[in-house]
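A.B. asks: Dropping a structure here in structure tokens format, bear with me for questions.
The values are calculated or read from the model by the stated rules, or taken from the named source; none is laboratory data. A quick note: this is a predicted structure, and the numbers were derived from the prediction, not measured. Cβ placement follows ideal geometry from the backbone for every residue including glycine, while neighbour counts extend to all protein chains displayed.
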Amino acid sequence: MSSAHFEYVQRLGDNALILGQRLSAWCGHSPFLEEDIAMANTALDLIGRARMLYTHAAQLEGSDRDEDALAYGRDERQFGNFLICELPNGDYAFTLLRQYLVDVYHHQLFLALGTSSDPTLAAIAAKAVKETAYHVRRSGDWVVRLGDGTQQSHSRCQLALDELWAYTGELFAGDGIDQAMAAQGIGVDPAQLAPAWSETVANQLKQATLQQPRDEWQAGGGRAGLHTEHMGHLLAELQFMQRAYPGLKW
Amino acid sequence: MSSKHLPLWEIFIRSRRGLDHKHIGSLHAADATQAMQAARDTYTRRQEGVSIWVVRSSDIHASQFEDDAAFFDPAADKIYRHPTFYDVPDELKL
């Protein structure tokens with residue numbers, strides 16, 4: 001086992017946990033009941049995925065840390081999630097557009113990871129790919145509904161998309177860990193996912209009558225632990241109980 | 001939040017292959033696609049089903065309470081319509 005392998009699996013878990021944490025904040029606040037349940041379902045899928053990935057990462061590390069230690073016991077700089085996952089939810093258009101952009105990415109990523117030479121990772125990917133297929137369908141459906149909806153829903157969607165676009169470049173900017181894992185057949189070079197992602201997203205945006213922003217400046221740094229100002233607040237809420245009462249069980 | 005509701009849909013779930021779809025509840029959705037997804041998320045999240053039907057509630061025609069006497073009471077004294085006159089072998093479990 002290499003530490004790159006551990007890091008790779010752990011940060012896949014980070015993306016799932018942080019986005020799951022964001023989505024779960026909608027629980028009880030969604031625009032209508034059916035949506036509330038659907039949103040919470042998606043959040044639970046992501047948190048369940050984070051648990052599997054963290055458990056696997058902890059085994060790879062071989063120390064006495066477990067999934068909870070990885071989720072609740074690390075500081076901001078030690079999280080390697082994409083910045084797009086930690087951005088505040090904004091309005092429903094922002095939440096669902098972000099979700100769609102990440103869902104398409106995850107779907108392609110887990111399709112590719114299905115053939116990973118790490119059998120546990122391949123098994124997690126096989127489960128995740130079914131979940132993400134549904135997530136893409138759901139969030140994609142909403143992107144079209146809201147984008148091609150009323151004047152207000154359209155303009156909110158466009159606003160969200162313009163803001164989010166600068167955070168999509170990071171999804172495909174691999175680092176040394178990605179390269180090493182791709183070379184060993186364990187992971188995927190994220191740059192390879194870009195063409196299919198771009199094509200899928202472009203088609204959906206067109207159907208949603210949304211204007212795809214130009215590729216200008218792109219944010220980055222999540223993988224290296226350099227997060228937005230929102231991450232600390234998110235972790236404070238996420239980790240409070242375990243920080244205040246270490247080892248608490250309920 | 002708008003006080004205007006989306007159309008109501010009745011949801012039917014087939015719990016296992018070989019069984020009939022059963023009415024399980026209702027929900028609000030803009031159209032059939034959304035109703036299907038909402039039904040999946042609301043009613044099958046604990047492995048309750050393998051197939052979903054969604055029907056607009058307004059498309060269901062229900063018998064009326066005031067028709068109860070005419071519709072259902074006459075069947076009450078027609079005991080000969082029940083197949084109770086056959087000798088059922090003991091081995092046959094009903």
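A.B. asks: Please count how many residues of the range A:91-122 are over 14 Å from A:LEU12 (Cβ atoms) and more than 16 Å from the chain's Cα centre (by Cα).
C.D. replies: Going through the range A:91-122 one residue at a time, the tally reaches 6.
A.B. asks: Looking at (1) more than 18 Å from A:GLU237 (Cβ to Cβ); (2) within 14 Å of another protein chain (Cβ to nearest Cβ), can you tell me which one A:PHE6 breaks?
C.D. replies: With respect to (1) more than 18 Å from A:GLU237 (Cβ to Cβ); (2) within 14 Å of another protein chain (Cβ to nearest Cβ), A:PHE6 is out only on (2).
A.B. asks: So is A:LEU164 closer than 19 Å to A:HIS5 by Cα, in a helix (DSSP H, G or I) and among the aliphatic types (A, V, I, L, M) or not?
C.D. replies: No, not satisfied.
A.B. asks: Have a look at A:LEU193, A:LEU238 and point out the one that is over 30 Å from A:VAL144 (Cβ atoms) and touching a helix residue (DSSP H, G or I) at 6+ places or on another chain (Cβ under 7 Å).
C.D. replies: Just one listed residue meets the conditions, A:LEU238.
A.B. asks: Quick test of your reading of the structure: A:SER139 fulfils all but one of (1) assigned to a loop (DSSP other than H, G, I, E, B); (2) at pLDDT 95 or above. Name the failing condition by number.
C.D. replies: (1)
Here's the yes/no breakdown for (1) surrounded by 18 or more Cβ atoms within 10 Å (Cβ to Cβ); (2) among the β-branched types (Val, Ile, Thr):
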{"residue": "A:GLY176", "(1), (2)": "no, no"}
{"residue": "A:GLY185", "(1), (2)": "no, no"}
{"residue": "A:VAL188", "(1), (2)": "yes, yes"}
{"residue": "A:GLU199", "(1), (2)": "no, no"}
{"residue": "A:ALA208", "(1), (2)": "yes, no"}
{"residue": "A:GLY222", "(1), (2)": "yes, no"}
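A.B. asks: Moving on to the next point. Taking B:ASP90 and the conditions (1) surrounded by 10 or more Cβ atoms within 10 Å (Cβ to Cβ); (2) modelled with pLDDT under 90; (3) not aromatic (Phe, Trp, Tyr), which numbered condition does it fall short on, given that it satisfies the others?
C.D. replies: The one condition B:ASP90 does not meet is (1).
A.B. asks: Do the conditions hold for A:LEU44, that is, is it surrounded by fewer than 22 Cβ atoms within 10 Å (Cβ to Cβ), without any contact (Cβ under 8 Å) to a residue 60 or more places away in the chain and more than 15 Å from the chain's Cα centre (by Cα)?
C.D. replies: In short, no.
A.B. asks: Consider A:ALA128 against the criteria (1) under 17 Å from A:HIS56 (Cβ atoms); (2) of a type outside the set (Val, Ile, Thr); (3) away from chain B (no Cβ under 14 Å); (4) out of contact with any Lys or Arg (no Cβ under 6 Å at 6 or more places or on another chain): it satisfies all of them except one. Which criterion is unmet?
C.D. replies: Of the numbered conditions (1) under 17 Å from A:HIS56 (Cβ atoms); (2) of a type outside the set (Val, Ile, Thr); (3) away from chain B (no Cβ under 14 Å); (4) out of contact with any Lys or Arg (no Cβ under 6 Å at 6 or more places or on another chain), the odd one out for A:ALA128 is (4).
A.B. asks: A further question follows. Confirm whether A:LEU19 is under 24 Å from A:GLN158 (Cα atoms), crowded, with 24+ Cβ neighbours inside 10 Å, touching a Cys at 6+ places or on another chain (Cβ under 6 Å) and not charged (D, E, K, R).
C.D. replies: yes
A.B. asks: Check every one of the strands (runs of 3 or more DSSP E) wholly within the range B:1-57 and list those with 1 or more residues that are over 24 Å from A:THR132 (Cβ atoms) and within 12 Å of another protein chain (Cβ to nearest Cβ).
C.D. replies: B:8-14, B:21-28
A.B. asks: If you don't mind, there's one more thing I want to ask. Go over the candidates A:ALA57, A:ALA69, A:ALA38, A:ALA50 one by one and state the one that is small (Gly, Ala, Ser) and within 14 Å of chain B (Cβ to nearest Cβ).
C.D. replies: That would be A:ALA38, the only listed residue that is small (Gly, Ala, Ser) and within 14 Å of chain B (Cβ to nearest Cβ).
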